[in-house]
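The values are calculated or read from the model by the stated rules, or taken from the named source; none is laboratory data. Just so it is clear, the model here is predicted, and its values are computed rather than measured. Glycine gets a Cβ as well: all are built from the backbone with ideal geometry, and neighbour counts include every protein chain shown. Side chains included, ligands, DNA and RNA excluded: accessible areas come from the protein's heavy atoms. Shrake-Rupley method; radii C 1.70, N 1.55, O 1.52, S 1.80 Å.
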Amino acid sequence: MERKVGVVGLGNMGGGIARNLHKAGVPLMVWDIAPAARREFEGLAGVAIAPPGDMAANCSVMIFVVPATPEIAASFEGERGVLARAAGGLVVYDFTTSDPRATREIAARAAESRIAYLDAGMSGGAAGADAGTLTLMIGGDKAAFERTRDLLDPIAGRIFHLGGSGAGHTLKLIHNMVLHTIFLATCEGGRMAEAAGIALADMIDVFNVSNARSFISEVRFPRHILSGKWDGRSRVYNLRKDVSMAVDLAGELDSKVPLGTLTRDFLDAAIARGMTDTDFTRLYERFNDIVGSVGSREPPR
């Protein structure tokens, strides 16, 4: 039987994922609530455009690349929804960045309909999605993962199965909290270097051959800040959402995250200054302005 893959969500991440599956010759069904996002895939050989319920009836694997778990839960409902129409053996991959508690709840609901629901945190950003080199952090039924792993090969360079339901989303939240904290620490160092009369580009060059090097210094600063492009392709809102979820999860786990908390507070201050929808690389431009107000305002609801 032909194994089809469905991709729901064709934005910065999902669009690249769907394109790479299509290039690899994987029979594909795609959907996005925005007609403009679907248009790129209209008329392509081996690609059908269909809503999630139709995918569930025809696909072996569905990949959701939507904002968060509630959007997936909504597609599960009703007579035309995923739960009602799923074919036997369907495996759903949740590529969102979500609260692991919500992940486990929806996975339990899916299991009642004999659907394997795996959470799959992603690293690599839109560039990794475009290149097919994502890192995936998987939680959930290992047998379901093993039988569908080959269908992930066109979109991922590295795949890790980490444990039970929620493990992938948990590590993704930890990953993003650390990543965004490193970004702000590098911004802080850059502003200090400039205040001392040292060029930002020189600091980054030194970092990249020294022990302070990171993905932030090696990729983010050269490509998106020093280049003057300011095109990290993610909003300040997204960073704040991820770090806030990580800090909340740490509280539930009784794990202390003072640096992650400070990163969240900085992002709160940026949003209070109107940067909700601003590309996050612009935080470097306004770093000194924002840092002076950290902790001085109520966080956004």
**OP:** Any residue in segment 130-145 that's within 23 Å of LYS23 (Cα to Cα) and of a type outside the set (A, V, I, L, M, F, W, C): show its pairings with residues that are part of a helix (DSSP H, G or I) and modelled with pLDDT of 95 or more at Cβ separation under 7 Å, as long as the two are six or more apart or on different chains.
**Re:** ASP130/GLY16; GLY132/ASN20
Subject >> Yes/no for ARG38 being of a type in the set (Lys, Arg), surrounded by fewer than 18 Cβ atoms within 10 Å (Cβ to Cβ) and in a helix (DSSP H, G or I) >> reply: yes
Original post:
How many of the residues in segment 74-107 are open to solvent by 30 Å² or more (accessible area, probe 1.4 Å) and either charged (D, E, K, R) or closer than 18 Å to ASP32 by Cα (or both)?
Top reply: 9
Original post:
Is it true that THR170 is over 19 Å from ASP248 (Cα atoms), crowded, with 20+ Cβ neighbours inside 10 Å and hydroxyl-bearing (Ser, Thr, Tyr)?
Top reply: no
Original post:
Among (1) open to solvent by less than 20 Å² (accessible area, probe 1.4 Å); (2) touching a residue at least 60 places away in the same chain (Cβ under 8 Å); (3) farther than 10 Å from MET177 by Cα; (4) acidic (Asp, Glu), where does ASP248 come up short?
Top reply: (1)
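Identify, from the list ARG213, ARG233, ARG223, the residue that is open to solvent by 30 Å² or more (accessible area, probe 1.4 Å) and in contact with a Lys or Arg (Cβ under 9 Å, 6 or more places away or on another chain). Lay out the reasoning, then the answer.
Numbers: ARG213 fails: in contact with a Lys or Arg (Cβ under 9 Å, 6 or more places away or on another chain); ARG233 fails: in contact with a Lys or Arg (Cβ under 9 Å, 6 or more places away or on another chain).
None of the others qualify; the one that does is ARG223.
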Original post:
Of these, ALA107, ALA74, which one is farther than 24 Å from ALA250 by Cβ, among the aliphatic types (A, V, I, L, M) and more than 16 Å from the chain's Cα centre (by Cα)?
Top reply: ALA74
**OP:** Select from segment 108-158 the residues that are among the aliphatic types (A, V, I, L, M) and either at positive phi or open to solvent by 40 Å² or more (accessible area, probe 1.4 Å) (or both) and list them in ascending order.
**Re:** ALA108, ALA111, ALA127, ALA131, ALA143
Original post:
Among the listed residues PHE207, PHE183, which satisfies the condition of being of a type in the set (Phe, Trp, Tyr) and within 30 Å of THR69 (Cβ to Cβ)?
Top reply: PHE183
